[in-house]
Amino acid sequence: MSTHYIHERAATEILMWLQHAERDLVGRVVACFDGKAGKIRSVSLCEEHGLTFTMDEHSGEWPVSTIRFK
């Protein structure tokens, strides 16, 4: 197996999981550990935090790991 194939496969997996997260999270109302709450507007990839999201009610981005699920 070539290195190019392995990298292409990894990139495809990452994009597949990003689409999965978008389907599950966009439009959902969530609360964060810092007390902010709102409806998720978008989900994106970030080099520093991995998967991040934005909310309609607040400016900025937060790591998905800060969402409090019940």
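The values are calculated or read from the model by the stated rules, or taken from the named source; none is laboratory data. Because the structure is predicted, anything quoted here is derived from the model rather than measured. Methodologically, a virtual Cβ is constructed for each residue, glycine included, from the backbone with ideal geometry; neighbour enumeration extends over all protein chains shown. When the accessible area is computed, the model is the full protein with side chains, heavy atoms only, and any ligands, DNA or RNA have been set aside. Shrake-Rupley method; radii C 1.70, N 1.55, O 1.52, S 1.80 Å.
Figures for the structure shown
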{"read-out": "Share of carbon and sulfur in the accessible heavy-atom surface of the chain [1.4 Å probe, %]", "value": "56"}
{"read-out": "Where Rh is the Kirkwood radius over Cα pairs, Rg/Rh for the chain", "value": "1.09"}
{"read-out": "Estimated dipole of the stretch 3-70 in Debye, rounded to 20 [Cβ of Lys and Arg +1, of Asp and Glu -1, Cα centre]", "value": "340"}
{"read-out": "On Cα atoms only, tilt of 3-25 relative to the major axis of the chain in degrees", "value": "20"}
{"read-out": "Helical contribution to [θ] at 222 nm, DSSP H n ≥ 4, -39,500 (n - 2.57), averaged over the chain, rounded to 500", "value": "-11500 deg cm²/dmol"}
{"read-out": "Additional length obtainable on full extension of the chain from SER2 to VAL64, 0.36 nm per residue less Cα span", "value": "19.0 nm"}
{"read-out": "Residues of the chain: accessible area per residue with a 1.4 Å probe, Å²", "value": "75"}
{"read-out": "At R0 = 35 Å, FRET efficiency that the Cβ-Cβ distance of GLU57 and ILE14 yields, to 0.05", "value": "0.80"}
{"read-out": "Mean separation of Cα contacts under 8 Å (6+ apart) over length of the chain, as relative contact order %", "value": "23"}
